[in-house]
Each structure stands twice: as structure tokens, then as C-alpha cells.
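I have placed the structure first, in the form of C-alpha cells, so that the comments after it can refer back to it.
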2 protein chains.
Amino acid sequence: MTHIAITGATGFIGRHVLAQGAAQGLDVVAVTRGPAPARQDNVRWVSLDVASPPDNAFDLLGRPDVLIHLAWGGLPNYRARRHFEVELPTHYAFLRQLVEAGLPSLVVAGTCLEYGLRDGALDETHPVAPVTPYGFAKDALRQQLEYLQRDHAFNLAWARLFYMHGDGQAPTSLLSQLRAAVERGDHSFAMSRGDQLRDYLSVTDVARNLVALATSGKNVGTVNVCSGTPRSVRGLVEQWLHDHDWNIQLELGRYPYPDYEPIAFWGTRTKLDRVLETL
Amino acid sequence: MTHIAITGATGFIGRHVLAQGAAQGLDVVAVTRGPAPARQDNVRWVSLDVASPPDNAFDLLGRPDVLIHLAWGGLPNYRARRHFEVELPTHYAFLRQLVEAGLPSLVVAGTCLEYGLRDGALDETHPVAPVTPYGFAKDALRQQLEYLQRDHAFNLAWARLFYMHGDGQAPTSLLSQLRAAVERGDHSFAMSRGDQLRDYLSVTDVARNLVALATSGKNVGTVNVCSGTPRSVRGLVEQWLHDHDWNIQLELGRYPYPDYEPIAFWGTRTKLDRVLETL
């Protein structure tokens with residue numbers, strides 16, 4: 001039975017990955033900085049600060065077969081230098097310590113912001129050109145781990161995550177803000193023009209894909225975790241309204257588009273599908 | 001009068017930059033980790049470890065108008081993880097401290113290895129794709145400094161250095177090895193096939209260009225410091241033999257080409273010439 005450790009286990013994605021791993025009957029260790037949450041079947045909680053791990057961190061985690069590394073601070077401010085000043089060295093040092101202690105496989109959350117300002121269908125062979133400290137730091141971590149692979153044998157799946165929606169999302173996310181506006185009884189919801197194209201996947205699908213990558217036992221390299229289908233943000237919001245039977249007026253065009261994202265981009269799923277098929 | 005500080009001042013390039021600055025009558029502060037070398041006119045030595053600078057480092061340097069930052073450890077092993085594990089955070093922290101203390105201008109030594117495995121004439125607009133920890137770490141430092149510019153107003157000239165030759169070069173360099181073989185009275189000199197094309201500039205020209213960038217008072221951005229002319233390594237060695245009147249047999253093809261460099265690459269000098277012209 002695959003023994004999986006998960007960092008960032010109390011976060012939005014982490015909770016879904018945890019539930020998915022436990023549901024599949026895997027032996028799951030969940031890492032948290034604070035005290036362990038309520039008991040769950042098939043889940044063992046370990047209190048550990050990724051920023052100052054003890055020397056025996058790998059043993060504390062029960063010498064797992066694979067780590068799904070979701071921990072990362074400083075979000076959602078993509079522009080903070082903290083991403084490369086603090087997060088990058090912290091996470092690299094933590095992962096290097098585990099690899100040097102014998103961790104055989106690693107799945108790490110990357111981001112579509114590594115691609116930078118490139119429109120269209122993005123595949124993993126495209127050169128990256130991040131324009132935010134967040135995208136830069138994630139891409140740098142990937143490269144550093146690839147250099148680490150030259151000196152240590154371990155599998156790496158670098159999962160470039162696109163947009164997600166689902167339960168437990170940050171209050172700053174679009175779906176959370178829409179839900180809050182409806183619950184407040186607002187008559188209208190201010191948003192951008194909404195015709196930018198994005199790639200949205202439900203967080204339960206993301207969690208299922210991450211667990212599949214973790215149990216693959218393969219050196220997958222960089223792989224997009226995405227739907228492969230562009231959706232307009234406006235169309236997505238209208239679908240959420242319809243699915244939840246919410247009634248609120250959309251005030252389109254009230255906010256500008258963010259300057260660190262292209263107007264229309266989505267991921268190709270070809271590699272992910274191929275990897276998952278051959279499992 | 002421009003007040004210039006120089007790190008790496010006891011190194012191959014540093015000594016030439018120091019001499020150039022002093023010859024131009026500039027007010028020069030030279031940084032060294034160890035005790036100060038013999039006195040020179042127009043040069044003040046400051047003992048300071050870039051890896052653990054005191055809080056008042058900027059004052060110690062006499063609050064210079066510009067820093068020419070040449071210090072970097074771990075060379076000539078381009079493949080060591082040390083470049084991003086140790087050098088990158090060390091130099092970023094040092095430069096950030098000076099910028100936050102008020103340093104107005106910065107000239108930093110980059111490298112042609114930032115470009116990666118791309119053949120042909122390389123100009124500064126080409127996307128970079130380093131394949132060595134050294135090239136990666138230098139490119140990462142550049143990007144981090146550019147992000148730092150979003151929060152602090154300072155000029156940055158990122159000088160991508162190509163190949164150099166001249167007095168005081170490391171004993172591992174081609175010219176030094178050739179000279180040593182001649183001085184030992186060897187009959188032959190083993191080298192690669194020698195038909196790879198490179199861009200070589202004399203270190204005195206490099207020093208002159210770096211001082212010109214430092215006194216420009218401009219935010220130059222990335223700029224190649226190179227000759228702009230491809231030369232075969234064999235042709236260059238034959239010219240050195242001729243210039244020095246050395247007599248030794250070349251054993252071509254004894255060593256393979258390095259795997260981290262393209263077979264034929266050189267820099268374009270267009271931007272450097274334009275910047276220097278408009279000074």
C-alpha cells in the first residue's frame with residue numbers, strides 16, 4: 001500500500017487531497033504546523049513546521065513513499081517578493097532534506113503563472129516566462145529540484161495547477177465572493193467584463209489527479225493539471241448562478257483584468273491524460 | 001566625481017576594473033574579505049564579507065554612487081548546486097541591503113551561460129534557458145533584482161560577460177594552461193578539436209566597459225559585454241602562439257566539447273555600443 005505524506009493538508013486543495021487519499025484506502029500522513037485537527041480514518045496527523053523541520057522529519061512522517069507538497073505561504077498576493085525571498089528557500093531546503101533522507105517520490109504544486117503572459121493553449125514544452133514573483137519562485141523551485149535530481153535519484157511530478165473551484169475556497173476567490181454576495185442579499189455583483197478565457201477544474205478532480213500522480217511511481221516531470229477546455233469567466237459565473245439557483249445581477253466591466261495574466265489561456269491535458277492512462 | 005565600490009576586487013576581472021577606475025581618477029572603494037592588499041592611489045580598501053555584511057555596510061563603503069558587483073563563489077564548477085543554494089541567496093541579500101540603504105546604481109556581472117544551449121548570435125531580447133546551476137543562479141539573481149526595482153528606485157546594468165583573456169586569469173583557463181605548458185617546455189598541448197566558435201574579449205576591454213556602465217547613471221538593464229565577433233577556439237590559440245612567439249604542437253581533438261555549451265555562440269554588441277555612444 002502506498003504511503004503518502006501531504007503538506008498544506010489543511011489548505012483548500014490539501015483537504016480534498018487528504019479526503020481522496022483516505023477514500024482510496026491509502027496510508028496517509030498529513031502535515032500541519034498547528035495542532036492536529038479532528039481524527040479521520042486512515043489519516044495520521046504530524047505537527048511540523050516546514051520552515052524549521054527537525055532533523056528527523058522524514059522519520060517523523062513515517063518514511064513515506066511519496067510526498068504531495070502543497071504548502072506555500074504568501075498567497076494570494078502574487079506580487080510579493082516573499083515568494084522568492086522566503087518561500088523558495090524554505091521549500092527547497094525542506095524538500096532537499098527529505099530527498100537526502102531517502103524520499104523516493106515527490107509531487108509538487110506548480111502554477112499556470114509559470115507560463116507568464118502567453119495566450120492560447122499552453123503545453124508543458126512551452127518555455128516559461130513568469131512575470132510575477134509567485135510564478136518566478138515556483139518555476140525556480142522546479143528547476144532547483146531538477147538539478148537536485150542530477151545528484152539524487154527521486155521521482156518528480158511537477159503539477160502545474162490552473163484555476164480551481166470547489167468547497168472551502170479562499171474568501172478572495174471569485175466563487176466565494178459570489179456566494180457571499182448572494183448570502184448578503186446583494187442585488188448586484190461587480191466583476192470584470194468576464195470575457196477572458198480561463199481553465200477551471202473542480203478541486204475534487206484536481207485532488208484525484210494529484211493522488212494518481214503520487215501513486216504512479218513514475219518520474220513524470222512537469223505536467224499540467226487542468227481541464228484542457230477554455231471557459232469565459234462570465235460563462236462560468238452564469239453557470240454557477242444556474243447550478244445554485246442564485247439570483248443576482250452581474251455588473252460586468254466594473255473591474256479591470258489583472259495585468260499579470262494573458263487575456264485568454266488554458267492548459268493542454270494531453271500529457272496528463274497520457275500519464276494517467278498508462279498507470 | 002563618481003564614487004564607485006567594487007566587490008570581487010581581488011579577482012581576475014576585479015583587479016582590471018580597479019586599475020581602470022583608479023586610472024580614470026574615480027573615487028574607488030575596493031571590497032575584500034581578507035586584509036587589504038598594498039596601497040594604491042585613488043583606491044580605499046574595505047574588509048567586508050559579502051556573506052555576512054554588517055548592518056552599516058553601505059556606510060562602510062562610503063555611501064557609493066554605484067557598486068560594481070563581481071563577487072561570486074564556487075567557480076569554475078558551473079554544475080555545483082552551490083550556485084543557487086549558497087551564492088544566489090547570499091548575493092541577493094547583500095545587494096538588497098545596499099539598495100534599501102540607498103545605493104542608487106548597480107552593475108552586476110552576469111554570464112553568457114544564462115542563454116543556455118542556443119547557437120548563433122545572442123542578443124539581450126532572446127529568452128534565456130540556462131542548463132547549469134551557475135547560469136540558472138545568475139539569471140535568477142537578475143530577475144530578483146528586477147522585482148526589487150518595482151519596490152525601490154535604483155539603476156541596474158546586468159552585464160552578461162562572455163569569454164575573456166588577459167593577465168591574472170585562473171590557472172584552469174585555456175590561456176593559462178597554454179602558457180603553463182609552454183613554460184614547462186611541453187612539446188604538445190592537448191585541447192578540444194577547437195572549431196567551436198566563441199566570443200572573446202580582452203579583460204581590459206571588459207573592465208573599461210564595466211566602468212563605463214557604472215558611470216553612465218542609467219538604468220541600462222541587461223547588456224552583453226562581448227566582442228560581437230565569433231572566433232574559433234583553434235584560431236584564437238594559434239593567434240596567442242603567434243603573439244607570444246610560443247612554439248608548441250597543438251593536439252587537437254584530445255578533449256570533448258563541454259555538454260553545457262552550444263557549439264557556436266557569440267554575443268551581439270549592438271546594445272552595448274548604443275549605450276556607450278550615448279554617454
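What the table below lists for this structure:
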read-out: Among the residues listed as A:Gly221, A:Gly253, A:Gly235, the single one being farther than 20 Å from A:Leu117 by Cβ and in contact with a Ser or Thr (Cβ under 9 Å, 6 or more places away or on another chain); value: A:Gly253
read-out: Elements of type strands (runs of 3 or more DSSP E) in the stretch B:199-276, at least 1 residues being open to solvent by 50 Å² or more (accessible area, probe 1.4 Å); value: B:249-255, B:265-267
read-out: Within the stretch B:103-112, tally of residues that are part of a strand (DSSP E or B) and under 20 Å from B:Tyr200 (Cα atoms); value: 4
read-out: Flag if A:Gly185 is without any contact (Cβ under 8 Å) to a residue 12 or more places away in the chain, more than 14 Å from chain B (Cβ to nearest Cβ) and over 24 Å from A:Ile68 (Cβ atoms); value: yes
read-out: Contacts under 8 angstrom Cβ, first residue in the stretch A:55-80 being small (Gly, Ala, Ser), partner open to solvent by 70 Å² or more (accessible area, probe 1.4 Å), 6 or more apart; value: A:Gly62/A:Arg44; A:Gly73/A:Arg82; A:Gly74/A:Arg82
read-out: Matching residues, the stretch B:177-188, being open to solvent by 20 Å² or more (accessible area, probe 1.4 Å) and of a type outside the set (S, T, N, Q); value: B:Arg179, B:Ala180, B:Val182, B:Glu183, B:Arg184, B:Gly185, B:Asp186, B:His187
read-out: Number of positions in the stretch A:66-104 that are under 17 Å from the mean Cα position of the chain (by Cα) and over 20 Å from A:Ala170 (Cβ atoms); value: 5
read-out: Residue within the stretch B:26-34 that is away from chain A (no Cβ under 14 Å), of a type outside the set (Gly, Ala, Ser), in contact with a His (Cβ under 6 Å, 6 or more places away or on another chain) and buried (at least 18 other Cβ atoms within 10 Å of the Cβ) present; value: no
read-out: Residues of the stretch B:81-104 classified as of a type in the set (S, T, N, Q) and either open to solvent by less than 10 Å² (accessible area, probe 1.4 Å) or on the phi > 0 side of the Ramachandran plot (or both), total; value: 0
read-out: Residue count for the stretch A:70-80, restricted to those that are of a type in the set (Gly, Ala, Ser) and either within 14 Å of chain B (Cβ to nearest Cβ) or open to solvent by 60 Å² or more (accessible area, probe 1.4 Å) (or both); value: 2
read-out: Check on B:Ala19, in the same structural domain as B:Ala137 (by TED's automatic domain parsing), surrounded by fewer than 18 Cβ atoms within 10 Å (Cβ to Cβ), over 22 Å from B:Cys226 (Cα atoms) and out of contact with any Pro (no Cβ under 7 Å at 6 or more places or on another chain); value: no
read-out: Residue ID - farthest from B:Ile68 (Cα to Cα), chosen from residues in the stretch B:106-139 that are buried (at least 21 other Cβ atoms within 10 Å of the Cβ) and of a type in the set (D, E, K, R); value: B:Glu114
read-out: Subset of the stretch B:189-198 (residues that are buried (at least 16 other Cβ atoms within 10 Å of the Cβ) and either without any contact (Cβ under 8 Å) to a residue 60 or more places away in the chain or not aromatic (Phe, Trp, Tyr) (or both)); value: B:Met191, B:Ser192, B:Gly194, B:Gln196, B:Leu197, B:Arg198
read-out: Count of residues meeting criterion [closer than 20 Å to B:Asn77 by Cβ and free of Cβ contacts under 8 Å to residues at least 12 places away in the same chain] in the stretch B:114-171; value: 1
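The values are calculated or read from the model by the stated rules, or taken from the named source; none is laboratory data. What you see is a predicted model, and the numbers here were worked out from it, not measured in a lab. Cβ coordinates were reconstructed from backbone atoms using ideal geometry, including for glycine residues, and neighbour counts include every protein chain displayed. Each accessible area value is taken on the protein alone, full model and side chains, heavy atoms only, with ligands, DNA and RNA left out. Shrake-Rupley method; radii C 1.70, N 1.55, O 1.52, S 1.80 Å.
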